[in-house]
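Here is the structure we will look at.
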Amino acid sequence: MESNPTDAPRASSAVKDNRQPVMMTADEEKAAATVPTGDEKQDHDTKLETGLSQPAKLPERQRTIHGIKWVLLVIAILSNLCFYAIDNTIVAVIQPVIVKDFGEVQNLPWISVGFLMAGTATALVNGKLFASFNAKILYIAFSLLFVVGSIICGAAPNMIALIFGRVIGGVGGTGMYLGALTLISVNTSPKETTEYMGYLALVWGFGSVIGPLIGGAFTDSSATWRWVAALQLLDYSGASRSADTSSQDKGYDHMLFAVALIVPVPLYYIPVFFQLAKGDSALRAGVKTLPLICFWVTSSAIRGRLMGKLGWYQPWYIAGSILNILAGVFLSRINITTSDAVIYGLQVLSGVGTGCYGQAGFAVAQRLVPPTDIHRAISLMLIAQLTGTTLGLAIAGAIFQNVSLPRVRQIVPSFSASQLSNLITQIGGGLDDQLDEVQTKEVLTIIVDALTDTYILIYAAAALSLVLSIFFTPKKLW
């Protein structure tokens, strides 16, 4: 029979019943004192159950899918994530064409913001669904919903229908993104999770930056922007290939929120700068953002690999924040005469900085919570990312509008508010069609100055992320 660990301490003290106290030697009393009492043992067990003990002592997940099945699963997940990332940014260069077709410039911000807000509003619910039901079926269902939203956008007869399609696509895309994070997390070991999250970040960055390239290619060709939706039809076939899967407060959400404030500004407004200041076409402007994507994805891959091997995470956050502060400060100082080479260099700086820590929080947070809370951690991190991106676009758009409109109104006081809004969103030759040469130059200078003011958000958010990263616990993940 097993002895009760509490008998020894009670035996060494006076007892109130009729039993005689047992005499113990000094060594026996010392040994008995080290045995936890019933309450202490219960507290110890509770800490193990709630994850308050060291994460390394918890049983680690091991990957159970190998070989060609694993390769196909990863390819399917990465391809779907790429399409979702493309859909996030593809409207960056086609907005003027949409306004030309539909008008309603006052509703233009909802094309981007509606997509992100819908995803943010449903992320927590989607996370609960993935924690409670079959992840494979949910992943395919959300992928199908994403495709449906894209089809609605492609067939939209007016701006309201287009926004509705973007909202549907946002809900489906967020569920698909959350499914990708969940499937990778539950099917890999902790060290592999860090590495594969780096691959997800790489693909996310790639898709985010080629989005404007694809949009520009359609805009500049005989095909219309509506054919952009046809790309998303490829997404469902990729989702269905993942059918063989069988998956079963440290402040990192605040950090991802700060990072997400940074990301959309260069992605959306650097192509616009090239179109306005340099007179580039939509496609050429998208090509000129390649330095950003190349160094973003490369930095993400290197960070994922090294963090998975070394285990340190705080230095990546600090380094990435500093690089983005420098990039944001210098981007906010460019003007209409700044050379392309300078802007390329600043894109490299921002790309490397963002890649250092852009999506590292997904892997870090999972390592610091109990296995039962991984779904909740992923959902909260996703909400932080989407909220940051939404606010980043909204704040940058507000800065651009509020800085440019009053100054442009002084040059063309006869224009109505709607005409002014149309004027500053007509990329390329739109200014020459409505203004004389002197007015065109003045308005162009104002618009470019307003664009550079949006880059202030980059170093402001990077400074916030630097402050937050300083308070991280300087320790290894394993």
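The values are calculated or read from the model by the stated rules, or taken from the named source; none is laboratory data. Fair warning: this is a prediction, and the values are worked out from it, not measured in the lab. Every residue, glycine among them, receives a Cβ derived from its backbone with ideal geometry; neighbour counts consider all protein chains shown.
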Checked pairs for the range 325-345, first closer than 17 Å to ILE456 by Cα, second in a loop (DSSP other than H, G, I, E, B) and among the aliphatic types (A, V, I, L, M), C-beta under 8 Å and 6 or more apart or across chains, list as ILE343/ILE334
Considering every residue within the range 166-188, establish whether at least one is crowded, with 24+ Cβ neighbours inside 10 Å, closer than 27 Å to ARG284 by Cα and at pLDDT 80 or above.
yes
When the range 394-425 is checked residue by residue, the ones that are surrounded by 19 or more Cβ atoms within 10 Å (Cβ to Cβ) and over 22 Å from SER112 (Cα atoms) are VAL408
Contact list, first residue from the range 395-412 and farther than 15 Å from ASP449 by Cβ, second anywhere and of a type outside the set (Val, Ile, Thr) and at pLDDT 85 or above, beta-carbon distance below 6 Å, six or more apart or interchain, is ILE395/LEU457
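Looking at the structure I just gave you, is PHE83 of a type in the set (Phe, Trp, Tyr) and under 16 Å from the mean Cα position of the chain (by Cα)?
In short, yes.
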Residue count, the range 288-331, condition closer than 24 Å to PRO190 by Cβ and not in a helix (DSSP H, G or I), comes to 3
